[in-house]
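Heads up: the structure comes next, in structure tokens.
Quick note: the coordinates plus some simple rules give every number you see, no bench work behind them. Nothing here was measured: the structure is a model prediction, and the numbers come from that model. So basically every Cβ, Gly included, is an ideal-geometry build from the backbone, and we count neighbours across all protein chains shown.
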Amino acid sequence: MVGAARMSDEPPKNEDALQLATQKLIDSPQQENANMQVTRQPSPGTLNGQRALTTYPRNDSPTGGMDADMLVTVLRPQGLVYFVGVAPEKEFANFSAAFDAILDSLRFK
């Protein structure tokens, strides 16, 4: 499963704005799902020429077991834009290339 959305809160206006907005995005579901864990801290990169962070959370799957997520965040003038790729944890490596291809196809205006 892949999803994309925009966080409507006003983004912070400082050097750490992307990191702070990403952490706020992660904190919200963690409060509701105590089993959600970040398995790798955010790593910097780019998405369509924009500064981005990629984070890898994991959480309970609605079908049982655990899901692995790939969360990519980009701070745009309109707010935080984020993309989430979700797959069963044991099969995540099989989906990784598809998630990357989807992200490579994105264009910001």
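Extending each Cα 7 Å along its Cβ direction at residue 93 and residue 34, get the distance between those two points in nm, one decimal.
Taking the simple label geometry, residue 93 and residue 34 are separated by 3.3 nm.
Mind listing which chymotrypsin sites (Phe, Trp or Tyr not before Pro) in the range 14-109 are in a DSSP loop and have 15 or fewer other Cβ atoms within 10 Å?
Numbers: sites: 82, 83, 92, 95, 99, 108; in loops: 108.
Hits after loop and neighbour filter: 108.
Based only on other Cβ atoms within 10 Å, what is the fewest-to-most ordering of 36, 66?
Ranking 36, 66 by Cβ neighbours within 10 Å, fewest first, gives 66, 36.
Under a crude label model (7 Å from the Cα following the beta-carbon direction), how far is residue 48 from residue 76 in nanometres?
It is 0.6 nm.
According to the square roots a ≥ b ≥ c of the eigenvalues of the Cα gyration tensor, what is the shape class of the range 35-84, taking rounded for a/c under 1.5, prolate for a/b larger than b/c otherwise, and oblate for the remainder? Provide the component values of the computation, followed by the final result.
Details: a/c = 3.09, a/b = 2.17, b/c = 1.42.
Because a/c hits 1.5 or more and a/b exceeds b/c, the range 35-84 counts as prolate.
Cut-off 13 Å, label point 7 angstrom out along Cα-to-Cβ of residue 17: give me the residues of the range 55-99 whose amide nitrogen falls inside.
74-81
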